[in-house]
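The values are calculated or read from the model by the stated rules, or taken from the named source; none is laboratory data. Predicted model, so just to flag it, every value in this text is computed and none were measured. When we count neighbours, we look across all protein chains shown, and the Cβ atoms used for this are built from the backbone with ideal geometry, even at glycine.
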Amino acid sequence: MNLSISAHHIALTPGIESHVRNKMSPVDRHFDDSIKIDIILSVSKHEHKAEAKLHFYGKDIFCESIEPDLYKAIDDLAIKADRKILKIKGRMTQHSTETIRKIQMTVGPV
């Protein structure tokens, strides 16, 4: 997993960076290949925003979470990213089994 973290209008401390790495590690377990994740943490008046751009298998996924607490925003972002990855993984496996069935129907039983 290639993880890059950037911060806008906020200092990126080692504690925040380790929290992001720990929360985003479950996303990596779904695929064997590497996933590139770009995370942007920003703060405005009373809200903290965490954004993630995930790149894998030629697909780009965008997730965003806005909360009053930065750590809560990171937690919600990790949950959203995990759900989206699972949704795409389900589609990929469904399409691959459908193509296998089509090939078996045209060729005949093996």
Can you tell me which of (1) of a type outside the set (A, V, I, L, M); (2) touching a helix residue (DSSP H, G or I) at 6+ places or on another chain (Cβ under 7 Å); (3) surrounded by 15 or more Cβ atoms within 10 Å (Cβ to Cβ) is the one Phe31 doesn't meet?
(2)
Kindly check whether there is at least one residue in region 25-35 that is over 15 Å from Ala73 (Cα atoms), in contact with a strand residue (DSSP E or B) (Cβ under 9 Å, 6 or more places away or on another chain) and among the basic types (Lys, Arg).
no
When you scan region 40-51, how many residues do you find that are modelled with pLDDT under 95 and under 17 Å from Ser25 (Cα atoms)?
0
Please verify whether region 38-56 includes one or more residues that are among the small types (Gly, Ala, Ser), closer than 17 Å to Ile79 by Cα and under 15 Å from the mean Cα position of the chain (by Cα).
yes
